């Protein structure tokens, strides 16, 4: 049983509460630090969770680690305070707003602080399956990835994983595009009450890593829209992934073509329960849900993976998403915005965390 407490009581914090509720044999939440009295009462009433108003009270409950679910401005402050108390932390994304703040946090890690970041997209089932194919060698050495899935640092994290990029320098050219789209449901899934037109800013960027390149494309309505779909394209000399389709050459004259097939239980008469089982490609499992039987959506499965990875890390296991990677992803995201704002091409520099 892993015990983790939460600092923050915003919308995102409820993802962790749902995960703990669905996986009571794995996770327990001793307390949440919520200083807004009204919000604290809501959480106590809706979730039965203990709420406190100070970090000392959080530490007194002796959690294995703390999850910060805070604003960009507040998060680095609490990370520093928790590091000073020798408390391991799974941080919100991004860990800090500026490069200078991220360098300070990485210095804490160099000094021994245990900080990881709850970046979840590469752990979502379909993305995890694509990454498995990209790394299998079937496509050859992947040289291009195009991702239109999620914003900023999240999208960069997928690009880097698909391309096998670590801290290599990038030449970035980005532009803002304007569009108008009919609004969809809100972030709680409630449908719109009337037709409305939303003006959106679409960010399109090309990242040149030399022998590999990425295309980032995102508009905010993609998270909650009936009519804006996600797109992923990955290419190597021997094949490609296009959405849920994989094509590659077994030999120069033998093409193989298969679909990334999602297996969900509880459908078409199946009585095993309602949960995601995994992703099959051809004749093999490319991804197996590590939390079967739990009623979790893909994003929650991925966040649960972050929690499990953090639990293993504090017990001496490997890191699942190091602070340094999170800083690199956010740094490249900052540069994308700078390029789009200025209309100029920018080049990343090697940052202290890269060493």
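Among 252, 218, rank each residue by its count of other Cβ atoms within 10 Å, from fewest to most, as a rough exposure measure.
252, 218
Tally the DSSP beta bridges in the chain and give the antiparallel ones as a percent, rounded to 5.
Once the DSSP bridges in the chain are tallied, antiparallel ones form about 70 percent.
222 nm [θ] for the chain, helices only, -39500 (n - 2.57) per DSSP H run of 4+, per residue, to 500?
-9500 deg cm²/dmol
What's the extension gain from residue 208 to residue 223 if we count 0.36 nm per residue and subtract their Cα-Cα distance?
2.8 nm
Starting from the 7 Å offset along Cα-to-Cβ, what nm value, one decimal, do you get for the label separation of residue 182 and residue 72?
3.3 nm
If you take P(r) over Cα pairs in 20 Å bins from 0, in percent from the coordinates, which of (1) 25, 43, 28, 4; (2) 31, 57, 13, 0; (3) 27, 59, 14, 0 do you get?
Working out P(r) over Cα pairs in 20 Å bins from 0, in percent from the coordinates points to (3).
As I understand it, the value is the acute angle between the Cα axis of helix 13-22 and the longest principal axis of the Cα atoms of the chain; what does it come to in degrees, rounded to 10?
Result, in degrees: 90.
What distance in nm lies between label points placed 7 Å from Cα along the C-beta direction at residue 244 and residue 293?
2.7 nm
Please report how far the C-alpha centroid of segment 138-175 lies from that of segment 42-112, rounded to the nearest whole angstrom.
Using only Cα atoms to place each centre, the spacing works out to 28 Å.
Could you state the angle between the C-alpha long axis of helix 323-342 and the longest principal axis of the C-alpha atoms of the chain, as a value from 0 to 90 degrees rounded to the nearest 10?
So the inclination is approximately 60 degrees.
Helix 125-136 against the longest principal axis of the chain: what's the angle in degrees, Cα atoms only, rounded to the nearest 10?
Compared with the principal axis, the helix lies near 50 degrees.
For the chain, modelled as a Gaussian network with Cα springs under 10 Å, which listed residue fluctuates most, 181, 117, 147?
181
Hey, fewest Cβ within 10 Å first, where do 268, 2 land in order?
268, 2
Highest GNM mean-square fluctuation, the chain, Cα pairs closer than 10 Å: which of 318, 95, 63?
Between 318, 95, 63, it is 318 that shows the largest mean-square fluctuation.
Name the residue, out of 130, 235, 39, whose mean-square fluctuation peaks in a Gaussian network model built on the chain with Cα pairs under 10 Å.
Maximum among the listed residues: 39.
Calculate the length of the line joining the C-alpha centroid of segment 215-254 to that of segment 263-300, in whole Å.
Segment 215-254 and segment 263-300 have Cα centres spaced 21 Å from each other.
Throughout, read-outs are computed from the coordinates displayed, never taken from laboratory work. Remember, it's a predicted structure, so these values are computed and weren't measured experimentally. Note that each Cβ is placed from the backbone with ideal geometry, even for glycine, and that neighbours are counted across all protein chains shown.
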